[in-house]
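Below: the structure, in structure tokens.
The values are calculated or read from the model by the stated rules, or taken from the named source; none is laboratory data. Given the structure is predicted, the values throughout are model-derived calculations rather than measurements. For neighbour counting, all protein chains shown are included, and Cβ atoms are generated from backbone atoms with ideal geometry for every residue, glycine included.
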Amino acid sequence: MTDRLFAQLRPGELDDLADDGYRRRRSADLARAFATPQVTPRSRRRPYLLMAGTAVGTAVAGLAAAAVVVVSGEPAQPPARPPAAAVPADARSFLLAAASTALREPAATGRYWYVRERTYMRVHTAPGEYAARIKALVDAQKRTEEQLKGDPGRLAAAQEEFRRKVTELKMNELPYTAFSADTRETWRPMRAGEVARTVSNQDVEVTFGSPQDEAAWRAAGSPELADRNQKTRDDAEERILSIDNPSLNLRNLKDLPTEADELGRRLDELWRQSPKESGADKAGYLWQTGVDLMTAPLRPGTRAALFRVLADQPVMKLEGRVSDSLGRTGIALSAPTQHSFTVRLVVDESTAELLQYELAVDGGKVGLRVTLEDLGWTGSLDDRPAS
């Protein structure tokens, strides 16, 4: 889930910029972000849970609710609702409880790991204009590097200037506030060499911060602010699961430890090996990696160990019970990272599944929100997990 490609943009990465690179923007992209407007929930479908007996449990609950007895001709009264569960005392308590929940879930596997996510984020530049300017910078840099191949000092200076120009372009802002939302589905094969599929730019929506912002957009000629062309990409290239950890893939997740101490040491090792182009501090790395792992098919023991590792972080804050953008209820946890960012997770209390994650700046204003609408194993491309 990072647009860190901009940090050291190479010409060959432009295709990824259009597809994968825009996900989970971090660093300077969010420094000027504003709060995402309220979006009407599109669905209340819960994520696919890797657990046995879910359908059976639902059916039993339904039968129990239906078993209402009529006595002496009086109308049957619906069963009393159980009292709402108390909010956990603190983040550590909740994460330790989530670890116990995760550990009870049976292991599962399949042919393809499927994820459907909806991303909401601020639009910084009109995509067409931005792509053209990036391409011009890349083409010019290619010519410069060819000319300076024999002069390491000047070549290093030219590369630094290129990074400066890319960063400056990234920080450009539209003269009005606009937001985009889109849905993306991925199918990643468990076996190496099999075809993966990505379907992006689905259900694209653009909204504005205010009527005045929309009027300013119209006055500017109503430029297109989002790519509305749905794209399907099939290829057999290896896809990493975590941009901070390029060595991780679906097959070697099973090698991650299932004990918290061992997993903590392994994450420390991965942190030292991380490319770190985004400049994330260790706390930011740990939370970003935690999000990546929570949306991956971890073994129950590893998932439980991950929650215990996070529980040991001293900067966490429990924000209470909230609803995600689909109306699902979960517990919100937050932690600061460098650059004044705050990462916020919404975790289902009953299943320990990640429902949504956000990055916020400027005292809590959301700059990025990703809602996990559905995830789980499927048997073939285009199949989706059973509800």
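Observations
- Test: residue in region 169-176 that is outside any loop (DSSP other than H, G, I, E, B), in contact with a strand residue (DSSP E or B) (Cβ under 8 Å, 6 or more places away or on another chain) and of a type outside the set (A, V, I, L, M, F, W, C): no
- A Cβ distance below 6 Å, combined with a sequence gap of six or more or placement on separate chains, defines the contacts here; from region 85-97, residues that are closer than 14 Å to VAL347 by Cα and surrounded by 13 or more Cβ atoms within 10 Å (Cβ to Cβ) reach residues that are of a type in the set (Phe, Trp, Tyr) and at pLDDT 95 or above in the pairs PRO88/PHE94; LEU95/PHE307.
- Strands (runs of 3 or more DSSP E) contained in region 272-350 and holding at least 2 residues surrounded by fewer than 20 Cβ atoms within 10 Å (Cβ to Cβ): 317-323, 329-336
- So ASP382, is it part of a loop (DSSP other than H, G, I, E, B), out of contact with any helix residue (DSSP H, G or I) (no Cβ under 9 Å at 6 or more places or on another chain) and either among the acidic types (Asp, Glu) or surrounded by fewer than 20 Cβ atoms within 10 Å (Cβ to Cβ) (or both): yes
- Cross-chain or 6+ apart pairs with Cβ under 7 Å, region 249-264 first and over 23 Å from GLY193 (Cβ atoms) and modelled with pLDDT of 95 or more, then of a type outside the set (A, V, I, L, M, F, W, C) and in a helix (DSSP H, G or I): PRO257/ARG266; PRO257/THR302; THR258/GLY301; THR258/THR302; ALA260/ARG308; LEU263/THR302
- Any hit, region 142-149, residues being among the polar types (S, T, N, Q) and either surrounded by fewer than 16 Cβ atoms within 10 Å (Cβ to Cβ) or part of a helix (DSSP H, G or I) (or both): yes
- Pair list, Cβ under 6 Å, 6 or more apart: region 211-239 residue within 14 Å of PRO175 (Cα to Cα), other residue surrounded by 11 or more Cβ atoms within 10 Å (Cβ to Cβ) and of a type in the set (Val, Ile, Thr): ASP213/THR177; LEU225/VAL123; LEU225/VAL206
- Annotation note: Cβ proximity below 8 Å between a residue of region 135-159 that is under 14 Å from LEU169 (Cβ atoms) and a residue that is modelled with pLDDT of 90 or more and part of a helix (DSSP H, G or I) (sequence gap 6+ or interchain) occurs for LEU137/PHE162; GLN141/ALA158; GLN141/GLN159; GLN141/PHE162.
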